[in-house]
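Q: Handing you this structure, nothing more for now.
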Amino acid sequence: MAIAEQKLTSVSPATASSGSFPWRTWLATVDHKKIGIIYIVSAFVFFLLGGIEAMLMRVQLGTPNNTFLSADVYNQLFTMHATTMIFLMVMPMNVGIGNYVVPLMIGARDMAFPRLNALSIWLFLGGGLLLYLSFLTGGAPNGGWFAYAPLTQVQYSPTAGMDYWILGLGLTGIASIAGALNFIVTVLNMRAPGMSINRMPLFVWMNLVVSFIIIFAFPTFTVGSIQLLFDRQFGAAFFNPAQGGDAVLWQHLFWFFGHPEVYILILPVMGMISEILPVFSRKPIFGYSFVAFSGVGIGFLGFIVWAHHMFGVGMGPMANAFFAAASMVIAIPTGVKIFNWIATMWAGDVRLTTAMLYAIGFISMFIIGGISGITLASPPIDLQQTDTYYVVAHLHYVLFGGSILGLFAGAFYWFPKMTGRLLNERIGKIQFWLMMISFNITFFPMHIVGTEGMPRRIYTYEAGMGWDMWNLIETIGTFLLAFSVLIFIYNVLSSLRNGEVASNDPWDAATLEWTMPSPPPSYNFLHIPVVNSRRPLWDAKYPHAAGDDHHGPSSAPSQVRYEYTDEETEGAKDIHMPSLTFSPMIFSGGLTVASLGFIYINKDILGLPTRVAALGFILIGIVMVSIAIRGWILDSRKDSPYLSQHH
Amino acid sequence: MSATSHAHDEAGQAPLVGSLGVDSRKLGLWAFIGSETLFFTALITTHLIFYARTKADLAAKGMLEHMDPKLYLGIDLTTILAAILLASSLTMVLALAATKSKEWPKFRFWLLATIVLGSAFVLGQVYEFTHLYHEGLKLAPQYVYEGETVKSLFGVTFFVMTGFHGLHVTLGVVWLIAVYFKVRRFAASPENPMDVELVGLYWHFVDLVWVAIFTLVYLI
Ligand code: HEM
Ligand SMILES: [Cu+2]
């Protein structure tokens, strides 16, 4: 790390001017790699917070009639747990890894809009902190992660918690849309010569698809939450049936976003798996176009299945039949991917590294979650199972067994590129097996208690319903699961210090990010590469097996260590990278402060002083945003590629 | 770097024009406009759904003739507003044409005209809102028409929808002003045409949304 930093200072005008205060190079950074790491680290912290919330709930449910938590606290915990895991953990973790890896994979020096990228990370953090602030200011949100109306109206949810939820997720939502626009333009417009669309790594493909899903799915959620905010703050009654509003409208607006959201959570991870499996099977991915286009297909179909979350509402047989059929259809492209992954490993030269184990774990757990999903897509079955622990089992098999196991695969795979050191494989494998086993101990019994009728979102239950033993087992499983996460943390911390030093290409991989030093310098590529196939690095290393449709490498990996020579890094002086800037951070700070003010603009808490303070916050926010915009324009002039040509 | 042959960096390529052959900022703005389309679709749909319900309620009571909330919406004022906004799209086009031919005084004139027309629209909308408020249409789930109270979300959906459109116009005006000053200060800057083109794209979009609202909400 130190060496790379050294080089970085000697070549990058941005860092050179930064003085001796190292925080500045992070807080004012516009480097996609640093921003990616900030995303990853903060998502991981939120993962721990969400995990603590889960453990508290599991302690409460471990025994019947337990009084460890009150009903009210329990409601806050399940709302915050899901909100955290979905919006503050899996989404930003995907974005973080994507931020780091996508520009490297397509041969770019940075994202298309580096300052917008910085804006996204700080808006995401602002939103996350705002959500968590609610714990200290009178109660966290408590209406569930899908915030069903009319439970979320002020009279049923009188604390400011739901307002924090609306505005906190509003900020992370802007961050997501800005990030998605950035990914779309980066992938479409920043590819190196020869990196045609049909040569892009599948991880890049899935990020592109997900970015389109984000920009089309988020607006309805934004509109719904704006309307909810008007209900709560100004008595608008959009979703209050007692005053002529419509509670089911909220469900449509939410799930039109909510179902595509689950693909936002899973598709990037499927992309990671599609990179990892071929490398450790030493074979190209089986059916590249099928994997790519089934992702596109899932993206489209994901927009016409939302009402399978609403069978319980009673939409009538026609609507039920349509949404059931559409949901079953979406299982087809999902199944296509699974068969492609299995076929990739088939007859391959499989190396069971930790990353590979996690990838295989992903496939097997995701199959279970997919099957329970198909059962739920059938209205008669769903009417039995909806709002029971069976649904909880389903969503954890796809989200934990799917997304999170896949993210661990990605973590073990790209950690050496990001840090220059390998994670310890032995500890990793122990952790993998502990996690797999405890995951199943925790979540498999939920299928059983669910079919036995245990409702979800209850804070306690009577003894003797037949659920006691399973619940206790689940709680024990949770503690084992938490222990496996602790092992991972230990692995990261100890490997950062004295892990094996990573070569540029420790896995003998095929894509461009492995052609450069680990970690890469701020400008990434000394020279923008020219790409001739889907597996540029394999082709270079194994010329006899080169070509798009040929078999991959079969000889043993050659662990070459490339370093940029002094001469080369001397040449890198001419590479102009965008300058450090605080404007994005001030901008998002301003929006966060203004949002905080907005929460209290119409609340009768301390009377006038509260409103005055709220107004003050909004004004401060506006001033901060204005300052940031001015700084932003000046910065963009400084770095404008139009202008630098004329120097 | 064995895997990669040396291609020379961006040199010679038009700035910001990437592998897709378009300017990055323009591509991003187009994608953003796609996203915004869904935003307004959701707002307008909500309005239409609730308006249909109000109409059905009123019709069932035989009150539709004289209690239709649409009677609030004076078509005269909004027609003028629509004309103003459409005219501002025209001046925007002229401003862009002037940047392309580097006629800066002309450009400043047309951009100022756009700013003035945009501001006039916003002011007109503020006037319309206060007027409606006094007439009894408020941000509340009922309205009072000629002394009679009707339970309806018309006011709520109407103000939120048109209010968010107005907010977009306002932000557009701020953006226009920023471009105006930037171009005035750095007149010879080669990036000016693209700056103007981008704000123009956004401006036309906001204009189109108004055409949709005007047709679906005021006319039909
Ligand atoms: C084979 C494809 C899938 C089908 C057919 C399917 C079907 C369903 C259905 C019908 C429900 C509603 C159950 C109910 O509330 O009564 C549901 C819930 C859910 N699914 Fe899936 N699913 C599939 C894959 C996925 C994937 C890939 C994810 C995420 C990675 C996912 C995440 C969720 C979540 C989070 C819920 C619970 C939402 C809530 O009520 O809180 N599903 N699924
Ligand atoms: Cu769904």
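Q: Could you give every pair whose Cβ atoms fall below 8 Å, whose first residue belongs to region A:448-463 and is acidic (Asp, Glu), and whose second residue is modelled with pLDDT under 95 and open to solvent by 40 Å² or more (accessible area, probe 1.4 Å), counting only separations of at least 6 or pairs across chains?
A: Short answer, once both residue conditions are applied: A:GLU452/A:MET465; A:GLU452/A:GLY466.
Q: Moving on. So which residues in region A:143-169 are within 16 Å of ligand 1 (Cβ to nearest atom), among the small types (Gly, Ala, Ser) and under 17 Å from A:ASP72 (Cβ atoms)?
A: A:GLY143, A:GLY144, A:ALA147 - these are the residues of region A:143-169 that are within 16 Å of ligand 1 (Cβ to nearest atom), among the small types (Gly, Ala, Ser) and under 17 Å from A:ASP72 (Cβ atoms).
Q: So which residues in region B:113-164 are out of contact with any strand residue (DSSP E or B) (no Cβ under 7 Å at 6 or more places or on another chain), among the charged types (D, E, K, R) and under 25 Å from A:PHE238 (Cβ atoms), if there are any at all?
A: If the condition is that a residue be out of contact with any strand residue (DSSP E or B) (no Cβ under 7 Å at 6 or more places or on another chain), among the charged types (D, E, K, R) and under 25 Å from A:PHE238 (Cβ atoms), then B:GLU128, B:GLU135, B:LYS138, B:GLU148 are the ones that fit.
Condition check ((1) surrounded by 17 or more Cβ atoms within 10 Å (Cβ to Cβ); (2) more than 14 Å from every other protein chain (Cβ to nearest Cβ); (3) under 30 Å from the mean Cα position of the chain (by Cα)) across all residues:
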site	(1), (2), (3)
A:THR569	yes, no, no
A:ILE575	yes, no, no
A:SER579	yes, yes, yes
A:ALA614	yes, yes, no
A:PHE617	yes, yes, no
A:LYS638	no, no, no
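Q: Regarding region A:343-357, can at least one residue be identified that is assigned to a helix (DSSP H, G or I), more than 13 Å from ligand 1 (Cβ to nearest atom) and within 14 Å of another protein chain (Cβ to nearest Cβ)?
A: Within region A:343-357, none of the residues are assigned to a helix (DSSP H, G or I), more than 13 Å from ligand 1 (Cβ to nearest atom) and within 14 Å of another protein chain (Cβ to nearest Cβ).
Q: Run down A:ASP382, A:ASP387 and say which single residue is open to solvent by 30 Å² or more (accessible area, probe 1.4 Å) and either touching a helix residue (DSSP H, G or I) at 6+ places or on another chain (Cβ under 6 Å) or near ligand 1 (Cβ under 8 Å from one of its atoms) (or both).
A: A:ASP387
Q: Is there a residue in region A:400-409 that is within 26 Å of A:GLY299 (Cβ to Cβ), within 15 Å of ligand 1 (Cβ to nearest atom), open to solvent by 10 Å² or more (accessible area, probe 1.4 Å) and free of Cβ contacts under 8 Å to residues at least 12 places away in the same chain?
A: For region A:400-409, residues within 26 Å of A:GLY299 (Cβ to Cβ), within 15 Å of ligand 1 (Cβ to nearest atom), open to solvent by 10 Å² or more (accessible area, probe 1.4 Å) and free of Cβ contacts under 8 Å to residues at least 12 places away in the same chain: absent.
Q: Would you confirm whether or not region A:79-95 contains a residue that is outside any helix (DSSP H, G or I) and in the same structural domain as A:LEU151 (by TED's automatic domain parsing)?
A: Looking for residues that are outside any helix (DSSP H, G or I) and in the same structural domain as A:LEU151 (by TED's automatic domain parsing), one finds none in region A:79-95, hence no.
Q: Which residues, counting only those in region A:187-206, are of a type outside the set (S, T, N, Q) and either more than 19 Å from B:SER24 (Cβ to Cβ) or not assigned by TED's automatic domain parsing to the domain that holds A:GLY410 (or both)?
A: Correct list: A:GLY194, A:ARG199, A:PRO201, A:LEU202, A:PHE203, A:TRP205, A:MET206.
Q: Which of the residues belonging to region A:159-212 are of a type in the set (Ser, Thr, Tyr), facing chain B (nearest Cβ under 10 Å) and either more than 27 Å from A:LEU129 (Cα to Cα) or out of contact with any helix residue (DSSP H, G or I) (no Cβ under 6 Å at 6 or more places or on another chain) (or both)?
A: A:THR186, A:SER196
Q: Shifting gears a bit: From the list A:LEU202, A:LEU208, pick out the single residue that is more than 16 Å from ligand 2 (Cβ to nearest atom), under 28 Å from A:ARG535 (Cα atoms) and in contact with a Gly (Cβ under 7 Å, 6 or more places away or on another chain).
A: On inspection, the qualifying residue turns out to be A:LEU202.
Q: Out of all the residues in region B:92-107, is one or more away from chain A (no Cβ under 14 Å), part of a strand (DSSP E or B) and farther than 25 Å from B:THR170 by Cβ?
A: The answer is no, given that none of the residues of region B:92-107 is away from chain A (no Cβ under 14 Å), part of a strand (DSSP E or B) and farther than 25 Å from B:THR170 by Cβ.
Q: One residue is enough: does region A:288-309 have a residue meeting the conditions over 19 Å from the mean Cα position of the chain (by Cα), at pLDDT 95 or above, within 16 Å of ligand 2 (Cβ to nearest atom) and within 14 Å of chain B (Cβ to nearest Cβ)?
A: Yes, because at least one residue in region A:288-309 is over 19 Å from the mean Cα position of the chain (by Cα), at pLDDT 95 or above, within 16 Å of ligand 2 (Cβ to nearest atom) and within 14 Å of chain B (Cβ to nearest Cβ).
Q: Let me ask you something else. Would you call A:ILE342 within 20 Å of A:PHE400 (Cα to Cα), away from ligand 2 (no atom under 13 Å from the Cβ) and open to solvent by 10 Å² or more (accessible area, probe 1.4 Å)?
A: On the way: within 20 Å of A:PHE400 (Cα to Cα): no; away from ligand 2 (no atom under 13 Å from the Cβ): yes; open to solvent by 10 Å² or more (accessible area, probe 1.4 Å): yes.
Taking the combined requirement at face value, the residue does not satisfy it.
Q: With the requirement that a residue be more than 16 Å from ligand 2 (Cβ to nearest atom), buried (at least 17 other Cβ atoms within 10 Å of the Cβ) and modelled with pLDDT of 95 or more, what does region A:346-366 give you? Steps first, please.
A: Initially, region A:346-366 is screened for residues more than 16 Å from ligand 2 (Cβ to nearest atom), giving A:346-365.
Okay, now just the ones that are also buried (at least 17 other Cβ atoms within 10 Å of the Cβ), so A:348, A:353-363, A:365.
Within region A:346-366, A:THR353, A:THR354, A:ALA355, A:MET356, A:LEU357, A:TYR358, A:ALA359, A:ILE360, A:GLY361, A:PHE362, A:ILE363, A:MET365 qualify.
Q: Confirm whether A:SER533 is among the polar types (S, T, N, Q) and crowded, with 23+ Cβ neighbours inside 10 Å.
A: Working: among the polar types (S, T, N, Q): yes; crowded, with 23+ Cβ neighbours inside 10 Å: no.
So A:SER533 fails the test.
Q: Still on this structure, please answer the following. Which of the residues belonging to region A:389-423 are among the polar types (S, T, N, Q) and away from ligand 2 (no atom under 16 Å from the Cβ)?
A: Just the residues of region A:389-423 that are among the polar types (S, T, N, Q), to begin with: A:403, A:419.
Hit for region A:389-423 is A:THR419, nothing else.
Q: Between A:PHE280, A:PHE322, which is touching a residue at least 60 places away in the same chain (Cβ under 8 Å) and either within 16 Å of ligand 2 (Cβ to nearest atom) or assigned to a helix (DSSP H, G or I) (or both)? Break it down stepwise before answering.
A: Values: A:PHE322 fails: touching a residue at least 60 places away in the same chain (Cβ under 8 Å).
Matching residue, one of A:PHE280, A:PHE322: A:PHE280.
Q: If we keep just the residues of region B:144-158 that are within 11 Å of chain A (Cβ to nearest Cβ) and farther than 11 Å from B:LEU43 by Cβ, which is surrounded by the fewest Cβ atoms within 10 Å (Cβ to Cβ)?
A: The qualifying residue surrounded by the fewest Cβ atoms within 10 Å (Cβ to Cβ) is B:LYS151.
Q: Taking the condition part of a helix (DSSP H, G or I) and either within 12 Å of chain A (Cβ to nearest Cβ) or at pLDDT 80 or above (or both), does B:LEU20 pass?
A: No: the conditions fail for B:LEU20.
Q: Return yes when A:PRO260 is within 16 Å of ligand 2 (Cβ to nearest atom) and within 14 Å of chain B (Cβ to nearest Cβ) and no when it is not. Even if it seems obvious, please write down each step before you answer.
A: Numbers: within 16 Å of ligand 2 (Cβ to nearest atom): yes; within 14 Å of chain B (Cβ to nearest Cβ): yes.
Yes, satisfied.
Q: Pick out the one residue from A:PRO317, A:PRO268, A:PRO333, A:PRO241 that is closer than 30 Å to B:PHE159 by Cβ and either open to solvent by 10 Å² or more (accessible area, probe 1.4 Å) or within 14 Å of ligand 1 (Cβ to nearest atom) (or both).
A: A:PRO241
Q: Same structure again: Scanning for something basic (Lys, Arg) and part of a helix (DSSP H, G or I), does region A:187-195 turn up at least one residue?
A: Going through region A:187-195, the residues basic (Lys, Arg) turn out to be A:191.
Applying the additional criterion that residues be part of a helix (DSSP H, G or I) yields none.
No, that holds for no residue.
Q: In the list A:PRO219, A:PRO278, which residue meets the criterion of being more than 9 Å from every other protein chain (Cβ to nearest Cβ), under 24 Å from the mean Cα position of the chain (by Cα) and buried (at least 23 other Cβ atoms within 10 Å of the Cβ)?
A: Going through A:PRO219, A:PRO278 in turn, the sole match is A:PRO278.
The values are calculated or read from the model by the stated rules, or taken from the named source; none is laboratory data. Not measured: the values here are computed from a predicted model. No Cβ is skipped: glycine too gets one built from the backbone with ideal geometry, and neighbour counts run over all protein chains shown. Please note that ligands, DNA and RNA were not included when accessible areas were found on the heavy atoms of the full protein model with its side chains. Shrake-Rupley method; radii C 1.70, N 1.55, O 1.52, S 1.80 Å.
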